[in-house]
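One structure is given below, encoded as structure tokens.
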Amino acid sequence: MALSPVPKDMSVQSLAADRSARIRALGRLLRHAASGDADVLLAGLARMLDAHIDNDHADDASNGRIRDQLDEIELLLALEIERAGVRAAAPLSKAA
């Protein structure tokens, strides 16, 4: 008795596509971030990598530093997203 192929779960594909789109959007945002903000983001990424390199994945102190850096990066990205939304909305408000 031959097994029929199992159809791919569309929700998994949909989640992967959403994640991929989010990653591309964040990449564009980082590419266009103000140079001062980009410098801060890159420094945060460097600190996070430094906390990760040469440390065991179960190292609580290292993981805590990585989480702290991720929190700071997330905040900076949220501010950049807000600024991008304000910049995009500005031409519309002038037309009204």
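A few notes on this one:
- Accessible surface, 1.4 Å probe, highest first, among residues HIS52, HIS57: HIS57, HIS52
- The order of the peptides 21-33, 60-72 by mean Cβ neighbours within 10 Å, most packed first, is 60-72, 21-33.
The values are calculated or read from the model by the stated rules, or taken from the named source; none is laboratory data. As the structure is a prediction and not an experimental result, all values here were calculated from the model. Ideal geometry is used to build each Cβ from the backbone, glycine not excepted, and the neighbour counts take in all protein chains shown. Areas reflect the complete protein model, heavy atoms only, side chains present, ligands, DNA and RNA absent. Shrake-Rupley method; radii C 1.70, N 1.55, O 1.52, S 1.80 Å.
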